[in-house]
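The numbers here are math on the coordinates, done by the rules we state, and not lab data. Values in this document were obtained by computation on a predicted structure and should not be read as measured data. Heads up, the Cβs are rebuilt from the backbone with ideal geometry, glycines too, and the neighbour counts pull from every protein chain shown.
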Amino acid sequence: MPVSYRLRIEREAARLRARLRRRDLAPVADRTGAIRRDDLLLFSTLRNEQVRLPYFLKYYRNLGIGHFLIIDNDSSDGSRDFLAAQPDVSLWHTRASYRQARFGVDWLNGLQARFGHGHWCLVVDPDEFLIYPFCDSRPLRALTDWLDASSIKSFGAMLLDMYPKGKLDAQPYRAGQNPLDIACWFDSGNYTLKRNPMFRNLWIQGGPRGRVFFADQPARAPALNKIPLVKWDRRFAYVSSTHMLLPRGLNLVYDEWGGNKTSGLLLHTKFLDTFGAKAREELHRNQHYAGSVEYRAYAEALADEPELWCRWSEQYINWRQLEILGLMSKGNWA
């Protein structure tokens with residue numbers, strides 16, 4: 001069977017699962033009628049992230065997100081009530097299995113098919129903060145307008161793990177605080193990259209998680225490649241988190257001939273003092289990929305109170321620093 005035909009079948013299967021799994025979601029606050037034709041939309045699935053939400057919403061409002069569409073997977077920390085009170089948030093609740101929804105992908109595909117068609121859609125977790133060239137002076141709309149003018153439908157952004165200097169729980173994180181005030185260090189190198197021949201996306205691993213938590217099994221380290229920003233069409237579908245999409249042409253967010261396409265980064269602020277409790281909770285729930293192998297590695301390493309900072313760590317300054325280091329590119333967007 002030709003690869004293109006197999007992938008077409010896989011895409012239709014993903015779309016069917018999304019329609020079926022949409023039944024898992026019960027509306028808590030449906031404000032989708034307020035979405036305007038040109039709004040930039042943000043989609044997210046979360047559980048027990050209340051402490052992160054004030055800054056998360058503030059950050060993306062400042063970038064220009066017009067509406068947030070969020071799935072609460074049975075939080076018990078007040079996240080649901082907090083989000084339901086936000087005038088630019090539409091919220092759904094579910095007690096269904098995160099794992100059986102393909103780690104939330106089916107739920108998000110369903111919402112994007114229903115509400116995201118024709119919009120630029122950003123899919124991120126509450127601990128992920130998108131940066132892109134000129135993000136300090138240009139709103140996200142400027143980027144999407146340029147992408148539209150260039151007939152580009154998807155935008156790549158590698159996940160860059162941020163961490164503090166010292167013990168992970170040494171500095172308490174407080175609601176509303178910029179997490180980069182604490183987790184402001186990153187690995188400027190130590191990344192491996194290969195091309196997926198079937199889906200044509202890049203597969204990136206490494207960084208502090210590969211260096212510390214998966215030092216003995218680097219091939220099992222979490223993937224860092226992301227395609228979080230897409231001009232959505234109801235025919236599209238994510239097939240593995242935001243690592244890759246179908247049709248597979250959307251995965252070509254890099255220059256195959258050795259140049260640099262415009263790209264961004266997702267600053268990943270997982271490693272705060274909240275990390276230990278979160279890792280234990282997710283390991284107990286066993287709702288993550290491959291029997292929660294990632295959270296099992298975290299739990300085992302946390303017993304030794306590891307420090308992610310090392311003498312090669314770089315302190316974050318701004319997007320220009322990351323472009324100089326080759327971690328992102330402004331390409332031909334000037």
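Values computed for the structure shown
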| read-out | value |
| --- | --- |
| Residue list for region 80-116, given a label point 7 angstrom along the Cα-to-Cβ vector of M198 and an amide N cut-off under 20 Å | 100-106 |
| Estimated FRET transfer efficiency (N178, A142; beta-carbon r; R0 30 Å; 0.05) | 0.85 |
| Full-stretch length increase - S150, R99 - with 0.36 nm per residue and alpha-carbon distance subtracted | 14.7 nm |
| Backbone N under 14 Å from the E10 label point (7 Å along Cα→Cβ), restricted to region 223-263 | 237-252 |
| Rounded to 5, percent antiparallel among DSSP beta bridges of region 1-124 | 20 percent |
| The chain: antiparallel DSSP beta bridges as a percent of all, rounded to 5 | 55 percent |
| Extension gain from N190 to R19, taking 0.36 nm per residue of separation minus the Cα-Cα distance | 57.6 nm |
| Estimated distance in nm for a label pair at A34 and Q315, the labels positioned 7 Å out from Cα along Cα-to-Cβ | 4.0 nm |
| Full-stretch length increase - D216, F134 - with 0.36 nm per residue and alpha-carbon distance subtracted | 25.7 nm |
| Under 11 Å, Cβ to Cβ, from A277 - net charge with Lys/Arg +1 and Asp/Glu -1 | -3 |
